[in-house]
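Data first, discussion second: the structure below is written as structure tokens.
All of the numbers you see were taken from the coordinates with simple rules; none came from a lab. If you're wondering where the values come from, they're calculated on a predicted model, not measured in any experiment. Backbone-built Cβ (ideal geometry, glycine too); neighbour counts: all protein chains shown.
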Amino acid sequence: MIKARIVITLKNGVLDPQGKAIEGALGNLGFSGVGSVRQGKVFDLELEGTDKAKAEAELKAMCEKLLANTVIENFAVEIL
């Protein structure tokens with residue numbers, strides 16, 4: 001069994017209204033000095049098999065086909 005983590009974030013230059021809302025909320029809660037909040041997504045997956053190279057290729061294909069909008073999002077695949 002191979003465990004993996006995929007982290008998806010917005011590309012630089014893409015507006016992040018949710019990140020801005022979080023930034024404002026943190027300030028309202030008294031957390032000063034917080035700026036440039038960007039939000040993203042994390043997926044933890046378990047794949048059958050032991051071939052890490054094959055698993056990484058499959059995970060990248062999952063991101064490109066479904067998990068990430070590659071026009072506006074970056075993704076990083078990590079085998080744990």
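Asp44 falls short on exactly one of the conditions (1) farther than 17 Å from Phe75 by Cα; (2) in contact (Cβ under 8 Å) with a residue 12 or more places away in the chain; (3) exposed (fewer than 11 other Cβ atoms within 10 Å of the Cβ), and that condition is (1). Checking each residue in region 5-35 for being farther than 16 Å from Ala68 by Cβ and of a type in the set (Val, Ile, Thr) picks out Ile22, Val34. Considering only region 65-75, I want to know if a residue exists there that is part of a loop (DSSP other than H, G, I, E, B) and small (Gly, Ala, Ser). Yes, that holds for at least one residue.
Note on region 24-37: residues that are assigned to a helix (DSSP H, G or I) and either among the β-branched types (Val, Ile, Thr) or loosely packed, with under 13 Cβ neighbours inside 10 Å (or both) total 3. Among the criteria (1) in a helix (DSSP H, G or I); (2) over 13 Å from the mean Cα position of the chain (by Cα), the one Lys3 does not fulfil is (1).
State which residue is surrounded by the fewest Cβ atoms within 10 Å (Cβ to Cβ) when the search covers only region 56-75 and only residues that are in contact (Cβ under 8 Å) with a residue 40 or more places away in the chain and within 14 Å of Gly40 (Cα to Cα). Top of the filtered list is Ile72.
The number of residues in region 9-23 that are in a strand (DSSP E or B) and either among the polar types (S, T, N, Q) or over 14 Å from Glu73 (Cα atoms) (or both) comes to 1.
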